[in-house]
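J.: Below is a structure I'd like to ask you about.
Taken together, the values in this text are just the output of simple stated rules run on the coordinates, not laboratory data. Note that the structure is predicted; figures quoted are calculated from it, not measured. Cβ placement follows ideal geometry from the backbone for every residue including glycine, while neighbour counts extend to all protein chains displayed.
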Amino acid sequence: TLKEAQRTYDLLGVEFDSYNGEAFYEDEMPAVIKELQDKGVTTVDNGMTIVDLSAYDMPPCLILKSNGGTIYPTRDITAAIYRKNTYDFYKNLYVVAYQQNLHFRQVFKTLELMGYDWAKDCVHVNFGMISMPEGTFSTRKGNAIYLEDVLLKAIEKTKAIMQEKSPDLPNMDEVARQIGVGAVVWGPLYSSRIKDFTFSWDKALNFEGETAPYAQYTHARCCSVLRKAGEYDLEKADWSCLDNESCSALVKAMKALPDSIASASEKYEPYLISRNVIDICSCFNKFYFENRIMDDDEGVRSARLAVTDAARTAIKLGLYFVGIEAPERM
């Protein structure tokens, strides 16, 4: 139900402007079916109304069953037309598993045959399946694993780690939620979306690997340095002290972020951002250990704090674009 799903959305920080289920389009379908027939897009085969797509190396797209009942393609075609008329979308994205590849090819081709040039703006953003090693999680029933259960378990595990390592941390429950949720959603966003992904607790909650907790911890480290330093003066910064390999690598990684974000948007591949974020984190930590940021010389200190501030901003921005929060203390 929507109420149950909303609990998961709340944990993820996901909001929707509109909820329209299948029933919403029932009244719209007769007009769309008539339009398909009037435009000569459909034919009747064994009592079923279909769109013949053999010329495009696809099986027929079923519009009406022999008993007159509608089916998924009918509803998706109707919904697409409604969305274009209502929202005049730039892109109409369907984020659905790859098992539905053929379905969406049929739907989009049918829209094209109806004469809608905006059919090219309908995109199936397909993705692989997520699984967990057998026996790693007790399920409510059968083999189904509910995302809400995994998120809550991750938050619980994260809080246990924090109680051991940072028992005095303020807002521990909120930070545990940020880290736990980030740990779960990060995995599928760190590789190409079409690849199947096996979830691992050890890997997800690792604060030293290529994980969300590692990126979040690096962001918190930047915040800690800046918090302890207070203000710094850019006008007094001695930029010459940044002429070293670790700083150059960090600046190069940060400079790549805008292109990574643009490329991820064009290709619908969040991992391009996630990997750039990890690159920035890795470079910053090397910079952090090889350069004395709180140097006695004000010019050197200001320059290195400016780089730290830039890294903090870049990491937070990158995490934001993949839907992960960046706590300031961990």
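J.: Any chance you could give the angle, 0 to 90 degrees and rounded to 10, that helix 147-165 forms with the longest Cα principal axis of the chain?
T.: Approximately 10 degrees, to the nearest ten.
J.: Give the percent of DSSP beta bridges with both residues in the chain that are antiparallel, rounded to the nearest 5. Write down the numbers at each step before the final one.
T.: Working: 7 of 15 bridges.
Here the antiparallel bridges make up roughly 45 percent for the chain.
J.: Residues with amide H under 5 Å of PHE197's amide H, sequence separation 5 or more or different chain, H placed in the peptide plane at 1.01 Å from N; which?
T.: Those qualifying (amide H under 5 Å, at least 5 residues apart or on another chain) are MET129, ILE130, SER131.
J.: Suppose every Lys and Arg Cβ carries +1 and every Asp and Glu Cβ carries -1, with no other charges. What dipole size does the chain come out with about its Cα centre, to the nearest 20 debye? Show your work: numbers first, answer last.
T.: Details: 37 positive and 48 negative charges, 114 e Å.
With only Lys, Arg, Asp and Glu charged at Cβ, the dipole is about 540 debye.
J.: Using modelled amide H (1.01 Å from N, peptide plane; none on Pro or chain starts), what sits under 5 Å from the amide H of CYS122, excluding residues fewer than 5 places away?
T.: ASN92
J.: Can you give the calculated 222 nm mean residue ellipticity of the chain, where each DSSP H run of n ≥ 4 adds -39,500 (n - 2.57) and the sum is split over every residue, rounded to the nearest 500 deg cm²/dmol?
T.: Details: 12 runs with 172 residues, N = 330.
It lands at -17000 deg cm²/dmol.
J.: Report, in degrees rounded to the nearest 10, the 0 to 90 angle that the Cα long axis of helix 72-87 makes with the longest principal axis of the chain.
T.: Around 60 degrees separate the two axes.
J.: Measure nothing but the geometry: give the 0 to 90° angle between the long axis through the Cα atoms of 2-12 and the longest principal axis through the Cα atoms of the chain, rounded to 10°.
T.: Tilt of helix 2-12: around 30 degrees.
J.: Run the numbers for ASN20 and ASP168: contour at 0.36 nm per residue of separation, minus the present Cα-Cα distance, in nm.
T.: Values: separation 148, 0.36 × 148 = 53.28 nm, distance 4.52 nm.
Fully extending the segment from ASN20 to ASP168 adds 48.8 nm.
J.: Quick check on my link table: of LYS159/LYS255; LYS65/LYS195; LYS91/LYS153; LYS34/LYS195; LYS39/LYS84; LYS109/LYS316, which ones sit more than 30 Å apart, alpha carbon to alpha carbon?
T.: With Cα atoms farther than 30 Å apart: LYS159/LYS255; LYS65/LYS195; LYS91/LYS153; LYS34/LYS195; LYS109/LYS316.
J.: In whole Hz, what ³J(HN,Hα) sequence does the stretch 285-291 give by Karplus (6.51, -1.76, 1.60; θ = phi - 60°), x for Gly and Pro?
T.: 4, 5, 4, 4, 7, 9, 10
J.: What's the extension gain from LEU102 to ASP10 if we count 0.36 nm per residue and subtract their Cα-Cα distance?
T.: Details: separation 92, 0.36 × 92 = 33.12 nm, distance 3.23 nm.
So the chain would gain 29.9 nm between LEU102 and ASP10.
J.: Also, I was wondering about something else. For the stretch 1-99, compute Rh as the Kirkwood radius over C-alpha pairs and then the Stokes-Einstein diffusion coefficient at 25 °C and 0.890 mPa s; write the answer in µm²/s, rounded to an integer. Can you show the working numbers first?
T.: Details: Rh = 15.8 Å.
Answer from the Stokes-Einstein relation: 155 µm²/s.
J.: So, one more: Between exposed GluC sites (Glu not before Pro) in the chain, where DSSP calls loop and at most 16 other Cβ atoms lie within 10 Å, what's the longest gap? Intermediate values should be presented prior to the final figure.
T.: Working: sites that count: GLU15, GLU26, GLU28, GLU134, GLU208, GLU231, GLU328.
Between exposed loop sites, the widest span is 29-133.
J.: For LEU53, list long-range residues whose amide hydrogen, built 1.01 Å from N in the peptide plane, is under 5 Å from its own amide hydrogen.
T.: Those qualifying (amide H under 5 Å, at least 5 residues apart or on another chain) are CYS61.
J.: How many angstrom lie between the C-alpha centres of the stretch 283-330 and the stretch 29-92?
T.: 54
J.: Right, next: Which of the three applies to the stretch 147-321, rounded, prolate or oblate, going by the alpha-carbon gyration tensor with a ≥ b ≥ c and a/c under 1.5 meaning rounded?
T.: Numbers: a/c = 2.59, a/b = 1.42, b/c = 1.82.
Verdict is oblate for the stretch 147-321.
J.: Which whole-Hz ³J(HN,Hα) couplings does the stretch 94-111 yield from phi under the Karplus relation 6.51 cos²θ - 1.76 cosθ + 1.60, θ = phi - 60°, glycine and proline marked x?
T.: Going residue by residue, I get 10, 8, 9, 4, 5, 4, 9, 3, 4, 3, 6, 4, 5, 4, 5, 5, 4, 4 Hz, with x marking Gly and Pro.
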